[in-house]
Structures are given as C-alpha cells and as structure tokens.
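Structure first, then comments.
The values are calculated or read from the model by the stated rules, or taken from the named source; none is laboratory data. In this text, all values refer to a predicted model and were calculated from it rather than measured experimentally. Because the Cβ atoms are built from the backbone with ideal geometry, glycine has one as well, and the counts that use them run over all protein chains shown.
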Amino acid sequence: MKPIFANDAAIDQAADLLRQGRLVAFPTETVYGLGADASNPEAVRRIFLAKGRPVDHPLIVHIPSVASLDAWALSIPQAAQQLAAHFWPGPLALILKKRPEVPLEVTGGQDTVGLRVPDHPVALRLLQAFGGGVAAPSANRFCRISPTLAIHVQEELGASVDMILDGGACQVGVESTIIDLSGSQPKLLRPGHITRDQIEAILQTKLLVTSQIEQADAMQIRVPGMMAIHYAPITPALLCSRGSLPSIIADLIKQGKKIGLLTSYTDIGNESDLGAIIRMPEQADSYARVLYSSLRELDSLHLDIILVELPPQTETWRAINDRLAKATSVYSNVLG
C-alpha cells in the first residue's frame, strides 16, 4: 500500500474505511499510528494481526477532543481534567477506568483505557471526520522501530494496511508520555516529550515512577512500550558511553565488523573504517525528532553492528534514554 497525500478527500476516504472496520495508518505528532475503530472488536483484532502484537497488550484510543472523554472513561478525576486542559491536544496519554462498553480487545483485558487527543492536523481532521475513537498503536511490526514517515509504514507493514495517510514527518518523534490516573496516586508509566517535571507542576504533586511502584502492582500494569526489548532495529545495536567509543570501535574494526554509529561526538577517529556515521543533534527535542528515522537508516545498510552514544542522563533526555535502553544492548553483553 503506497502512502496517499492527506488532503480532505483522502481523509474522508480514510474515515469511511475506519467505519468499514478497515485499518488506516495516519500521522500524529509523535509517530505514525495504525488505526482502527476502537468500538469494533473485530477491527481492533486486525491491528494485532498486522503488527504481530500480543493480544493482551492494550492500545491507546485517540479521540477528537476533551469532550469525548465521557464516551470512554467511567470517571474523570480532577487530575485528568487538569492535564487534558493543559496538554491536549498533545503527546500525553491518560490511563483511566474504562466504561463497560469499551471493548476488552482495546484494553488488553484490563478495566482501564488509555486516551489522548493527538496534536496533528491530519489526525484531528481524521478523528473529526470519523466521529469516534480510533485505537492506534505505532504502525510497525511489534517491538521494532516506530515509524515517523509514511514510507516507514509502507516498508514495514505493506499490504497489511488498507490506507496510509501521508502527513509528512512527525514533529515529536517519540511516543507519548503515559500517566496512570486510575488509582489513588498518579503514576508515570512511560516518559515522553511532556516531562515528569511539567506534569508535577500542573498537578502540584509528585508522580510515582515505574521503579517506585510495588512489584506486585507493576506486574499487573500493561501499557504500550513496557517490553524489555522494544523500538529495536534488526541489526544489533549497542549503547556506549562517549569515553568508551574509541576503544570499542577499534576492537570491532579488528574483528572485521561493519559498523554504524549514531553520535553527537565529533572527534571519533578511524572514521574511514566505519560503515556509516549519523551525527545527532545536541538538543533533546531535535534528537528525539530524528532518532527513529536515523536508526532505520542505519538498519537498512546491512551493517554488523550499530553503536549508539549514550545521551545525557537528565530529565530532559528521559524519554530518549528510555527508548534507547529498550532498543539496544550494552557492549559487554553482546561482544564481551
């Protein structure tokens, strides 16, 4: 399936396909989503089949506005109202207790549902034309690199999608922040473009993070992006500190490895012996925007190994470090 430029006629056609229970890939500000009518269990099952995704993994439902919350959430706590008012449309998903009629296929069998209003003109126009909620995980094979261009969807899912709306490059580039508001205390389940600090400033309370959630509780929480290996290229990818890069590169060159490198470092040495180098931005927002497309580019070059320089370990970089930790291994575990 070739991407189609997302003009009004194409978006109306996509909305009709969703009503028929078909699959439509569409852009959001984070990544491209693989969408189906969230009220249609059979259509939702097609998402899992196309992605090769386990059926107990819940999906985020994309809705056209804050006013649509009542159609999906059993109750809307004040914290949800505050965050929605401040950050929607935007890259923030809220986990709330679901209404009884919300299909269990959407929620992975859980009594909660993830909801968000995307901040992309094509996504919003599609949701308004469709008139309902669209369940949409990232439009890629399960655990692989998320797509940030329409061509990525075509390359990965091909004929499994009934239509691919091309709305250009995604401007955020990593998946949404996920906040669980279904319990007594808000929890940060997945970091994203909207940071922990920003959310705590609105709620005037501290978030629990995954490491602070009791083990028994953590084992019951299933949200997108929680697999130990996720967002991963097919080529083995290794996460390395800047200081270790020269020696690791030298070691790999001795082994005759064809190396790809993702780095902000300018003084690598031995550059002519590397298969490919992509220089990454030094600002977190710009880095996130090109992260997945850069990984995909290196993954397409039939390299032996991709080395990724470890980014700064600060709150601003939390989402990027989360994705890279799941997309890569450490050097000693693979080659040591």
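For segment 50-63, indicate whether the set of residues that are among the acidic types (Asp, Glu), touching a Gly at 6+ places or on another chain (Cβ under 9 Å) and farther than 18 Å from Ile164 by Cβ is non-empty. Yes.
Within segment 110-166, take every residue that is of a type in the set (Gly, Ala, Ser) and on the phi > 0 side of the Ramachandran plot and give me the one that is farthest from the chain's Cα centre (by Cα).
It comes out as Gly131.
Counting the residues of segment 35-49 that are in contact with a Leu (Cβ under 6 Å, 6 or more places away or on another chain), under 23 Å from Glu155 (Cβ atoms) and either modelled with pLDDT under 95 or crowded, with 22+ Cβ neighbours inside 10 Å (or both) gives 2. Put simply, of Gln128, Gln171, Gln185 the only residue that is assigned to a loop (DSSP other than H, G, I, E, B), surrounded by fewer than 23 Cβ atoms within 10 Å (Cβ to Cβ) and touching a residue at least 60 places away in the same chain (Cβ under 8 Å) is Gln171.
Listed residues Met226, Met280; which is in contact with a strand residue (DSSP E or B) (Cβ under 9 Å, 6 or more places away or on another chain), farther than 12 Å from Ile306 by Cβ and at pLDDT 95 or above? Full working, then the answer.
Working: Met226 fails: at pLDDT 95 or above.
The match here is Met280.
Scanning segment 191-211 for residues that are touching a Phe, Trp or Tyr at 6+ places or on another chain (Cβ under 9 Å) and over 14 Å from Glu315 (Cβ atoms) returns a single hit, Ile202.
Of all the criteria given as (1) more than 30 Å from Asp285 (Cβ to Cβ); (2) modelled with pLDDT of 95 or more; (3) not polar (S, T, N, Q), the one not satisfied by Ala159 is (2).
Residues that are over 24 Å from Glu200 (Cα atoms) and in contact (Cβ under 8 Å) with a residue 40 or more places away in the chain number at least 3 in the following strands (runs of 3 or more DSSP E) confined to segment 30-118: 32-37.
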